[in-house]
Each structure stands twice: as C-alpha cells, then as structure tokens.
Amino acid sequence: MDIHIAENRAALGEAAGKAIAAALRDRIAVNGSASVAFAAAPSQNETLATLIAEPGIDWGRVTAYHLDEYAGATPDAPYSFRRFLREHVFDHVKPAVFHQLRGEAKDRDKECDRYAALLPEEGFDIALLGIGENGHVAFNDPPCDFDDPADVKVVELDDACRLQQVNDGAFANLDDVPAEAFTLTIPVLLSAREMFIMVPGPKKAAAVAFALEGPVSSRCPASVLRTRARTTLYLDRDSASLLSA
C-alpha cells in the first residue's frame with residue numbers, strides 16, 4: 001500500500017482526484033474502457049469534485065457502480081447513495097452506464113443476485129473507497145468475513161456505523177438511520193485491479209491507526225486493504241494524527 005499524507009482535506013482531494021483521473025485515462029487508453037466502483041460519502045466530496053473537473057477522461061467509456069445502498073432507500077431519497085453520486089458525479093459527467101443497487105427492492109435476495117450478475121467478472125478496474133469510523137469498508141461493519149462467499153448481501157448496520165451517518169449530517173438522529181443496507185462484500189472489493197482510498201478528518205484517525213498498525217483482523221475490516229498491491233491510501237494530517245512517527 002502506498003500512503004500519501006496531505007496537509008488538509010482539500011489537498012487530499014486534489015491529489016487523489018488527479019491520480020484517479022490519470023489511472024482512468026491510462027486504463028481507457030490501454031483497454032478501451034474502464035469499470036469503476038464509487039464510494040458515496042461526504043469524505044469523498046473533494047476527490048470527486050477534482051475528478052469530474054479533470055480533462056481528457058472519456059466518460060462514455062466508463063461503466064460505473066456504487067458500493068452500497070440503504071435497504072428501503074428510493075433513488076431520490078435525501079440519504080440515497082444513488083442520489084449522492086448523481087448530484088456529485090453523474091449530473092456533471094456521463095458514463096456509458098451507471099449500474100445501481102435498488103434499495104427499494106422488495107425481494108432483497110433477488111436484488112443481490114441481479115446486481116451481482118452485473119459486476120465485472122475479473123473485478124473492477126478501479127475502486128474508490130473510504131474507511132468508516134468503525135473501520136468498515138462499504139457497509140462491511142466489524143466483524144466481517146474476509147472470505148465471504150457472496151458478492152452482494154444485505155447486512156445489519158451496527159450502531160457505530162449508523163451514528164456516523166448522523167455525524168455526517170445525512171440524518172437528524174439515530175432512529176432515522178436505516179438498520180439494514182445492501183453492500184458489496186470484501187472479496188469483491190479486493191478483486192479490483194487498483195484501489196484508491198480517501199480518508200480525511202479527525203474522526204477517522206482511530207480507524208486509520210488500527211487499519212495500518214493493528215493486526216489484519218475482521219475487527220477492523222479496513223485492515224485487509226493493506227494486504228493488496230496497487231492500493232493507494234490518501235490521508236490528511238487529521239486522519240493520520242494517531243499514526244506512530
């Protein structure tokens with residue numbers, strides 16, 4: 001894992017966005033297309049803003065996915081991750097297709113199967129990830145299964161994960177946060193050819209320290225990310241503040 005520590009979250013977002021843009025351009029030039037999985041969270045705002053402003057990306061050759069969605073969320077719900085990505089990315093650039101998890105699906109098992117069938121067989125070309133305050137990746141809260149046989153599943157969100165959504169301003173209080181969500185599993189994320197992980201802010205410092213300096217353990221799902229090559233972690237001074245010198 002390569003680690004970049006920026007002075008602040010704006011600088012983090014600029015550096016990450018430019019690096020992702022370069023990777024996208026390269027992949028499209030070599031392969032003619034690119035599959036990209038997008039995290040949807042306020043921690044990604046600066047990165048996504050930089051990415052969509054970068055020149056020379058043929059977005060019409062990009063197949064886009066997202067990592068997770070609240071169970072029960074409609075496409076236009078204020079807290080929907082599909083809505084977040086439309087507003088921050090796909091209202092500004094136009095991919096070939098944006099494959100979306102349907103949070104409102106009544107038959108959840110069928111929806112997991114439908115979305116899993118859309119995933120690229122050889123893994124995403126590029127995955128854009130974050131790390132949660134509890135160390136989660138997508139909605140794989142601790143403890144999670146690093147060898148999960150499913151590609152897409154419905155999970156019960158733990159209270160720490162749900163409280164983060166309140167802290168992020170997506171919900172007024174804990175009772176408003178859905179208790180369940182659809183998520184891509186850890187093996188699917190690890191199959192990506194290249195991963196970029198953007199983690200700004202002081203509230204992420206403990207999770208970052210555990211992920212980088214603790215054991216590789218399902219107690220901190222993000223710890224498994226450091227076992228993979230072609231992975232770049234972008235921190236700012238706040239999120240890196242608890243790392244040993």
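The values are calculated or read from the model by the stated rules, or taken from the named source; none is laboratory data. Keep in mind it's a predicted model, so treat the numbers as computed, not measured. Cβ sites come from the backbone with ideal geometry, for glycine too, and all protein chains shown count toward neighbours.
General remarks:
- Within the range 16-32, residues that are over 20 Å from Thr232 (Cα atoms) have Cβ atoms under 8 Å from residues that are assigned to a helix (DSSP H, G or I) and not hydrophobic (A, V, I, L, M, F, W, C) in these pairs: Gly32/Arg61, counting only partners at least 6 apart in sequence or on another chain.
- Selected residue [in a helix (DSSP H, G or I) and among the hydroxyl-bearing types (Ser, Thr, Tyr)] from Ser241, Ser223: Ser223
- Hits in the range 68-84 (condition: of a type in the set (S, T, N, Q) and in contact with a strand residue (DSSP E or B) (Cβ under 9 Å, 6 or more places away or on another chain)): Ser80
- Val208 over 20 Å from Leu12 (Cα atoms), part of a helix (DSSP H, G or I), at pLDDT 95 or above and within 16 Å of the chain's Cα centre (by Cα): no
- Residue tally, condition in a loop (DSSP other than H, G, I, E, B) and either under 28 Å from Glu122 (Cβ atoms) or among the aliphatic types (A, V, I, L, M) (or both), over the range 1-36: 3
- Within the range 89-112, tally of residues that are surrounded by 14 or more Cβ atoms within 10 Å (Cβ to Cβ) and among the acidic types (Asp, Glu): 2
- Qualifying residue in the range 118-126 (condition: under 24 Å from Gly72 (Cβ atoms), surrounded by 20 or more Cβ atoms within 10 Å (Cβ to Cβ) and either of a type in the set (Phe, Trp, Tyr) or touching a strand residue (DSSP E or B) at 6+ places or on another chain (Cβ under 9 Å) (or both)): no
- Of all residues in the range 134-154, those being more than 16 Å from the chain's Cα centre (by Cα) and among the aliphatic types (A, V, I, L, M) number 2.
- Selection status of Ala77, within 30 Å of Val154 (Cβ to Cβ), of a type in the set (A, V, I, L, M) and under 17 Å from the mean Cα position of the chain (by Cα): no
- Selection from the range 98-153 of residues that are in a helix (DSSP H, G or I) and touching a residue at least 60 places away in the same chain (Cβ under 8 Å): Arg108, Glu111, Cys112, Tyr115
- Condition check for Glu54: over 25 Å from Leu235 (Cα atoms) and not aromatic (Phe, Trp, Tyr): no
- Among the residues listed as Leu85, Leu48, the single one being crowded, with 23+ Cβ neighbours inside 10 Å, in contact with a Leu (Cβ under 9 Å, 6 or more places away or on another chain) and either on the phi > 0 side of the Ramachandran plot or outside any loop (DSSP other than H, G, I, E, B) (or both): Leu48
- Single condition Ala138 does not satisfy, out of (1) small (Gly, Ala, Ser); (2) surrounded by 17 or more Cβ atoms within 10 Å (Cβ to Cβ); (3) modelled with pLDDT of 95 or more; (4) over 19 Å from Arg219 (Cα atoms): (4)
- Residues of the range 154-194 that turn out to be closer than 20 Å to Ser239 by Cβ, touching a residue at least 40 places away in the same chain (Cβ under 8 Å) and surrounded by fewer than 23 Cβ atoms within 10 Å (Cβ to Cβ), as a count: 4
- Only residues that are outside any helix (DSSP H, G or I) and either in contact with a helix residue (DSSP H, G or I) (Cβ under 8 Å, 6 or more places away or on another chain) or at positive phi (or both) were counted in the range 51-73, giving 15.
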